[in-house]
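The structure appears right after this line, and notes come after that.
The values are calculated or read from the model by the stated rules, or taken from the named source; none is laboratory data. Every value quoted in this text rests on a predicted model; they were computed, and no experiment measured them. As a convention, Cβ positions derive from the backbone with ideal geometry for all residues, glycine included, and neighbour counts pool all protein chains shown.
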Amino acid sequence: MEIDREDGRSQNQLRPLACSRNILHRAHGSASWSQGDTKVLAAVYGPKAGTKKNENPEKACIEVIWKPKTGQIGKLEKEYEMILKRTLQSICILTVNPNTTTSVMIQVVNDDGALLPSAINAACMALVDAGIPMRHLAVSICCCVARSGLVILDPTKLEEQKMKAFAYLVFPNSVHSVLPEGSPSVQGEPIENGIITSVTHGTMSVDDYFYCLERGRAASTKLSDFLRRNLQQQSTNSSKAG
Amino acid sequence: MEGRLANAWRLTVNDKNFIKTALLSEIRIDGRKPFEYRKISIKFGRQDGSSEVQLGQTRVMGIVTAQLVQPYRDRPKEGMLSIFTEFSPMADPSFEPGRPGESAVELGRIINRGLRESRAVDTESLCILAGKFVWAIRIDIHILDNGGNLVDAANIAALAALLTFRRPECSLGGEDGQEVIVHPPEIREPLPLMVHHLPIAITFGFFSNESILLIDPTHNEEAVMSGRMTTTVNANGDICAIQKGGGEGIPQRVIMQCLQLATSKAASITKQIKDAVEAFNTERALRKIKRHPTSTGVDVREKQNQ
């Protein structure tokens, strides 16, 4: 069953990705991530002394501030902040700098579908740029289920509105290990098969959901490669000394 | 929150003295002369009405959106223009999220005065149905990076976004002509806003020594200077607004000197904005042509036979 997507992409094709790091001067780490026309800017301010009232002072705390393109901050922005915070808390090593707060600020430059996944990818790159210690990176993708039952990846805003259901999925990035025993595994499965975050909208059957996970996982390897190439290229270019 | 205050950035005494001593010999720490502007780069997003301006290390984004609303009772034939500024904590660790601080409010007011009160944007052309429906234009200014002189950069961003914004065309319909039909952009080409002139804000910095005068301060210089003045002028030489809130007292002749300087700078910045907007408009027109591959070409051979 073939589906005609407006921009001529196939079912599993992602939009063109573009990423640049170290674009802001005051922020300790910054990154801009764009998937097609969706563009998000992320900035990180490194560990500051003290944690907020209800946070555990024995661990580092991550604070997320989400700024929409236009309009007041409402419940949707608060929900995105919470999802981003929990995702980043699971990938950062929180025991390294106890009793500190790392602030992550997200600014939406343009929203053309798959906004939350782009923001998670941008935040990850910004954390790398700031030098925050992390266990592994997170790659995020949006899969949606059409009314016909077909699963497509990385929808535009128009496609998202026409779909029956969609899911934002976050996976750990694929690991290239230099150790002879290979990449670390959890209960016999390689670490990149785990799911860090999954947010769904609309109704879909269990089979559809598992199919989405499979497709998402396959696409996340492509995203991991893109991230790795990008990070290796830019690390030879500039340093933030001074 | 104490967490933020603990990391407030302060310039050391040595740094401050160095900046002041260098200025006595007319040298600025980034190598500029006292009356030289930093490099301005104006970029646009894919959508109409979104601009990103970089003034040296300062980075500001401007977004323009429009909505149909009911006009004010005492001005039934005029549209509305409102400016929202938020100092994002992304730009500077000392900016707090939530309610805008006093410098954010001041920035919004300066830009407001320059655009609205000088009638740079024609609000009467925004009226669709007097007393019922007018366009309310909303300008959102997001400060992304604070490298000093946010007012000037934000003003340029607002102007660039306004010049590239297109509002949907609407017509009156219905039985008694009281209904407003908004045409989507695919059916009817959206219209640009009527902007009469471009008010440019130019900021000056004053120091305790009367002979030192700066234009376009960086944020290191802002921490050292003892007074500032923002003049909003346009390329025709009209003064749209002057803002000097407290700080060092300045003699009249210095103010006259500033105004003359501002007018000459405004001319060059106006030209830069207009060039950037024209480049965007040509690119937009090219994109529109590419979007219609189904248009039939003219068959030249048939004409030759006739």
Among the candidates A:SER148, A:SER140, A:SER90, residue that is of a type in the set (S, T, N, Q), closer than 21 Å to A:GLU55 by Cα and in contact (Cβ under 8 Å) with a residue 40 or more places away in the chain: A:SER90
Qualifying position, being in contact with a His (Cβ under 8 Å, 6 or more places away or on another chain), under 30 Å from A:GLY46 (Cβ atoms), within 14 Å of another protein chain (Cβ to nearest Cβ) and modelled with pLDDT under 90, among B:GLU96, B:GLU86: B:GLU86
Top-ranked residue of the stretch A:88-129 - restricted to ones that are part of a strand (DSSP E or B) and β-branched (Val, Ile, Thr), ranked as surrounded by the fewest Cβ atoms within 10 Å (Cβ to Cβ): A:THR100
Residue in the stretch A:28-44 that is farthest from the other protein chains (Cβ to nearest Cβ), counting only those that are in contact with a Leu (Cβ under 8 Å, 6 or more places away or on another chain) and either outside any strand (DSSP E or B) or β-branched (Val, Ile, Thr) (or both): A:VAL40
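Give the residue, chosen from B:GLU248, B:GLU302, that is modelled with pLDDT under 90 and surrounded by 12 or more Cβ atoms within 10 Å (Cβ to Cβ).
None of the other options fit; the residue is B:GLU248.
Being part of a helix (DSSP H, G or I), at negative phi and not acidic (Asp, Glu) narrows it down to one of B:ASN209, B:ASN220, so name that one.
None of the other options fit; the residue is B:ASN220.
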Residues of the stretch A:45-62 classified as facing chain B (nearest Cβ under 9 Å), part of a strand (DSSP E or B) and in contact with a strand residue (DSSP E or B) (Cβ under 6 Å, 6 or more places away or on another chain), total: 2
Qualifying residue in the stretch B:165-180 (condition: at pLDDT 90 or above and within 14 Å of chain A (Cβ to nearest Cβ)): yes
Among (1) touching a helix residue (DSSP H, G or I) at 6+ places or on another chain (Cβ under 6 Å); (2) under 19 Å from B:ALA91 (Cβ atoms); (3) not β-branched (Val, Ile, Thr), the one test that A:GLY50 misses: (2)
Some residue of the stretch A:66-79 being of a type outside the set (Ser, Thr, Tyr), within 27 Å of B:ILE143 (Cβ to Cβ), more than 11 Å from every other protein chain (Cβ to nearest Cβ) and not in a helix (DSSP H, G or I): yes
Residue in the stretch B:274-288 that is touching a residue at least 12 places away in the same chain (Cβ under 8 Å) and part of a strand (DSSP E or B) present: no
Residues that are β-branched (Val, Ile, Thr), more than 28 Å from B:HIS183 (Cα to Cα) and within 12 Å of another protein chain (Cβ to nearest Cβ), drawn from the stretch B:14-73: B:THR58, B:VAL60
Answer residue from the stretch B:111-144, given it is away from chain A (no Cβ under 14 Å), in a strand (DSSP E or B) and of a type in the set (A, V, I, L, M) and is nearest to B:GLN178 (Cα to Cα) among those: B:LEU129
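Go through the stretch B:87-108 and report how many residues are outside any loop (DSSP other than H, G, I, E, B) and of a type in the set (Ser, Thr, Tyr).
Looking only at the stretch B:87-108, we keep the residues that are outside any loop (DSSP other than H, G, I, E, B), and these are B:87, B:102-108.
Among the residues that remain, those that are also of a type in the set (Ser, Thr, Tyr) are: B:103.
Total satisfying the criteria: 1.
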Selection count where residues are among the polar types (S, T, N, Q) and at pLDDT below 90, scope the stretch B:278-296: 3
Tabulated pairs, the stretch B:180-197, first farther than 19 Å from B:CYS127 by Cα, second part of a loop (DSSP other than H, G, I, E, B) and hydrophobic (A, V, I, L, M, F, W, C), C-beta under 9 angstrom, 6+ apart or interchain: B:HIS197/B:ALA120; B:HIS197/B:ALA235
Which numbered condition A:GLU6 misses (of (1) surrounded by fewer than 18 Cβ atoms within 10 Å (Cβ to Cβ); (2) touching a residue at least 24 places away in the same chain (Cβ under 8 Å); (3) within 11 Å of chain B (Cβ to nearest Cβ)): (3)
Enumeration of residues in the stretch B:193-224 that are within 27 Å of B:LYS274 (Cβ to Cβ) and of a type in the set (Val, Ile, Thr): B:VAL195, B:ILE200, B:ILE202, B:THR203, B:ILE215, B:THR218
Filtered residue count, the stretch A:13-27, keeping only those that are facing another protein chain (nearest Cβ under 9 Å) and either in a strand (DSSP E or B) or in contact (Cβ under 8 Å) with a residue 12 or more places away in the chain (or both): 3
